[in-house]
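As structure tokens, the structure follows; a few thoughts come after it.
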Amino acid sequence: MRAVQVHEFGGPEVLVPVELPDPLPGPDEVLIEVAYADTIFVETQVRSGWGRGYFPVTLPYIPGGGVSGTVTALGPGVAGGWLGRRVTSFVQGSYASHVVSAASALTIVPDGLNMSSAAALVHDGVTAAGLLELTKVAEGENVLILGASGGMGTLLVQLARARGARVVAVARGDQKLALVRELGAHAAIDPTTSDWPERAREALGGGADVVLDGVGGRLGTAAIALTANGGRFSAHGAPSGEFTALGPAEADHRGIKLFGITDVQFGAADLRRLRSYALEEAVAGRQRPVVGEVFPLERAADAHEAVESRRLVGKVLLEC
Ligand SMILES: NC(=O)c1ccc[n+]([C@@H]2O[C@H](COP(=O)([O-])OP(=O)(O)OC[C@H]3O[C@@H](n4cnc5c(N)ncnc54)[C@H](OP(=O)(O)O)[C@@H]3O)[C@@H](O)[C@H]2O)c1
């Protein structure tokens, strides 16, 4: 099979195309011919050697987790009906033309949904839907979304809006601001202007009931002050290099409920439920995954460079 491997931590150039033996499905497993593998921001950080306490990997490794594809072989004990089905799954190492997955981890891609959209939802759709459940975003609430133009942010904007929230989206530059408005944000704020927190506060009518922080660092710190007392704050992202540190003492004092990266590590049953929900919402047209660019598998290095440079909107996929 074709795959992309990392032999040493470093820049995008450490993503090297390789030929490896085809994997064989064991008992209760299937072989998937991969259509698309998704990329998520944290894969660029893990590749660089960052965050090994949170995300341990052993070299060499094949990056990636989410795939859409077609089941082409069955291991012992798998029902024959899976053969030829269009599916998504989470696996260890998805930057490859073929992957093995537990049959119990498969979700069928509904008719009417293309395989690139399915791949775009396999991680982000699950986390976005799970975050709105966790933080209980409700009708009429003010929601501040950092990193709103990214793969997951674009889904959060749509889902929060669909719940009847007032959405204030933070994204850089005219193209990203226009996109998040088109997706339903009531206000779109560029954080490169020095007065962005004041403008965000005004758009929020004083403060955010819920902050969905997929960025961390300086932006996340500013968002702490924008959170209403009694609100909810999810610090699930660190593309800036650090998760937002809202201390438990301050949170307690202000009655703010905190969520972090460990709260979005869902168990098998929740993963299946949230993934089916995300795919069905997309088929019904209630949520639109935004795919910024698709790179061939062999150009995984260019895909990572595109994610890190922040020049694309939405999701970056690999066509395998
Ligand atoms: N995808 C998931 O399922 C999942 C699960 C758990 C946690 N998370 C975390 O959530 C965060 C967002 O994930 P994602 O997949 O949506 O990422 P993404 O598509 O790459 O989007 C990240 C966004 O963050 C913004 N950003 C701000 N500062 C940045 C910086 N220094 N470097 C790069 N981007 C920066 C960028 O928007 P601007 O250019 O507009 O600033 C970019 O659109 C990540 O930290 C990820 O680890 C994601």
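Can you name every residue in the range 130-155 that is within 16 Å of the ligand (Cβ to nearest atom), over 18 Å from L258 (Cα atoms) and not small (G, A, S)? Full working, then the answer.
To start, the set of residues in the range 130-155 that are within 16 Å of the ligand (Cβ to nearest atom) comprises 130-135, 143-155.
Checking the rest, the ones that are also over 18 Å from L258 (Cα atoms) come to 147-155.
Result: M152, T154, L155.
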Residue list for the range 156-177, filter: more than 10 Å from the ligand (Cβ to nearest atom) and either at positive phi or touching a residue at least 12 places away in the same chain (Cβ under 8 Å) (or both): V157, Q158, L159, A160, R161, A162, R163, G164, A165, R166, V167, V168
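I'm checking my understanding of the structure. Among residues of the range 33-52 that are of a type in the set (G, A, S) and under 30 Å from L74 (Cα atoms), which one is nearest to the ligand (Cβ to nearest atom)?
Residues of the range 33-52 that are of a type in the set (G, A, S), as a first pass: 35, 37, 48-49, 51.
Next cut, under 30 Å from L74 (Cα atoms) only: 35, 37.
On the way: A35: 19, A37: 13 Å.
Filtering first and then ranking leaves A37.
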Some residue of the range 78-93 being surrounded by 16 or more Cβ atoms within 10 Å (Cβ to Cβ), out of contact with any Gly (no Cβ under 9 Å at 6 or more places or on another chain) and more than 23 Å from H123 (Cβ to Cβ): yes
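Please find, within the range 303-316, the residue that is surrounded by the most Cβ atoms within 10 Å (Cβ to Cβ) out of those that are part of a loop (DSSP other than H, G, I, E, B) and more than 8 Å from the ligand (Cβ to nearest atom). Walk me through how you get there before you give the answer.
Step one: filter the range 303-316 for residues part of a loop (DSSP other than H, G, I, E, B), giving 310-313.
Next, from what is left, pick out any that are more than 8 Å from the ligand (Cβ to nearest atom): 311-312.
Working: R311: 12, L312: 19.
Taking the candidates together, the pick is L312.
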Residue that is within 20 Å of the chain's Cα centre (by Cα), within 21 Å of V157 (Cβ to Cβ) and touching a residue at least 60 places away in the same chain (Cβ under 8 Å), where the choices are F233, F259: F259
Selection count where residues are within 12 Å of F266 (Cα to Cα) and either in contact with a Gly (Cβ under 7 Å, 6 or more places away or on another chain) or hydrophobic (A, V, I, L, M, F, W, C) (or both), scope the range 116-127: 2
Residue pairs meeting the criteria (Cβ under 6 Å; at least 6 apart or on separate chains; first closer than 18 Å to G153 by Cα and modelled with pLDDT under 95, in the range 294-313; second basic (K, R) and within 11 Å of the ligand (Cβ to nearest atom)): V313/K176
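Could we say that V99 is buried (at least 18 other Cβ atoms within 10 Å of the Cβ), in contact with a Lys or Arg (Cβ under 8 Å, 6 or more places away or on another chain) and not aromatic (F, W, Y) here?
Details: buried (at least 18 other Cβ atoms within 10 Å of the Cβ): yes; in contact with a Lys or Arg (Cβ under 8 Å, 6 or more places away or on another chain): no; not aromatic (F, W, Y): yes.
Here the answer is no, as V99 does not meet what is asked.
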Condition check for L212: farther than 25 Å from S48 by Cβ and of a type in the set (A, V, I, L, M): no
Candidate set: the range 81-117, residues that are assigned to a helix (DSSP H, G or I) and within 24 Å of F55 (Cβ to Cβ); chosen: the one farthest from the chain's Cα centre (by Cα): S104
Count of the range 277-302 residues which are buried (at least 17 other Cβ atoms within 10 Å of the Cβ) and either in a strand (DSSP E or B) or aromatic (F, W, Y) (or both): 4
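The values are calculated or read from the model by the stated rules, or taken from the named source; none is laboratory data. This is a predicted model, so every value here is computed, not measured. We place every Cβ from the backbone using ideal geometry, glycine too, and count neighbours over all the protein chains shown.
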